[in-house]
Amino acid sequence: MKLSEHFDSSEFVCKCCGKSITMSKLLIDRLEKMHSYMDAKAIYINSGYRCPNNQYGTKTDAHRLGLAADIRVQKQDGTYYTAQDIAEVAERIGFGGIGLMLPESCHVDTRDSEQYSNNHWFGNETTGENWIKTFQRGTVFPGEKVKVKKKITLIIDDHTYTGLLEEM
């Protein structure tokens, strides 16, 4: 079943049993926003829903509640964004749970806005480091609208005014 322009429910099924639940609309909306923001060719779901028998995760895992996905984001040229790139955009978009994984994979979830045991987690699943303060590095992504500021000087009645003009 089609969930949005770029995502289908079949992408989120449990890898061990093939079952699924209704995935969070907020999760899908944020993934769509990420797709646009990064001008992605595709976002691949490595893991979506995880049933209680799935060996990965815990009983209260966001994946079991339909609030999470482990993803890879493909660029238009066919290469992949790094986990750090994905995490940076995920933070900007508002994902409350973000975890670095393999070099090109990242966990994202909507724990910040939906019923969950805690409302914020940034971590590195490869090192076990938890509670990373931020992933923001100031990277400019292809789909991002960047405001340009230009320095201007005006001379009016023999007075000089200098400032920044922001392009809209």
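The values are calculated or read from the model by the stated rules, or taken from the named source; none is laboratory data. Here the structure is a predicted model, which means the values were calculated and not measured. Glycine also receives a Cβ, built like all others from the backbone with ideal geometry; neighbour counts cover every protein chain displayed.
Could you give every pair whose Cβ atoms fall below 9 Å, whose first residue belongs to the stretch 97-121 and is closer than 14 Å to Ile132 by Cα, and whose second residue is among the aromatic types (Phe, Trp, Tyr) and in a strand (DSSP E or B), counting only separations of at least 6 or pairs across chains?
Gly97/Trp121; Gly97/Phe122; Ile98/Trp121; Ile98/Phe122; Gly99/Trp121; Gly99/Phe122; Leu100/Phe122
Has the stretch 82-93 got any residue that is more than 10 Å from the chain's Cα centre (by Cα) and either surrounded by fewer than 20 Cβ atoms within 10 Å (Cβ to Cβ) or among the basic types (Lys, Arg) (or both)?
Yes.
Considering only the stretch 49-59, I want to know if a residue exists there that is polar (S, T, N, Q) and part of a helix (DSSP H, G or I).
Scanning the stretch 49-59 turns up no residue that is polar (S, T, N, Q) and part of a helix (DSSP H, G or I).
In the stretch 15-40, which residues are farther than 16 Å from His107 by Cβ, part of a loop (DSSP other than H, G, I, E, B) and not small (Gly, Ala, Ser)?
Answer for the stretch 15-40, where residues must be farther than 16 Å from His107 by Cβ, part of a loop (DSSP other than H, G, I, E, B) and not small (Gly, Ala, Ser): Cys16, Cys17, Lys19, Ile21, Thr22, Met38, Asp39.
Kindly provide the set of residues from the stretch 121-156 that are at pLDDT 85 or above, part of a loop (DSSP other than H, G, I, E, B) and either closer than 24 Å to Tyr37 by Cα or among the charged types (D, E, K, R) (or both), ordered by number. Before the answer, list the steps.
Quick first cut of the stretch 121-156, residues at pLDDT 85 or above only: 121-142.
Then drop every residue that is not part of a loop (DSSP other than H, G, I, E, B), which leaves 125-128, 130-142.
Those that are at pLDDT 85 or above, part of a loop (DSSP other than H, G, I, E, B) and either closer than 24 Å to Tyr37 by Cα or among the charged types (D, E, K, R) (or both): Glu125, Ile132, Lys133, Thr134, Phe135, Gln136, Arg137, Gly138, Thr139, Val140, Phe141, Pro142.
If you go through the stretch 83-129, how many residues are over 18 Å from Leu27 (Cα atoms) and out of contact with any Leu (no Cβ under 9 Å at 6 or more places or on another chain)?
So the answer is 6.
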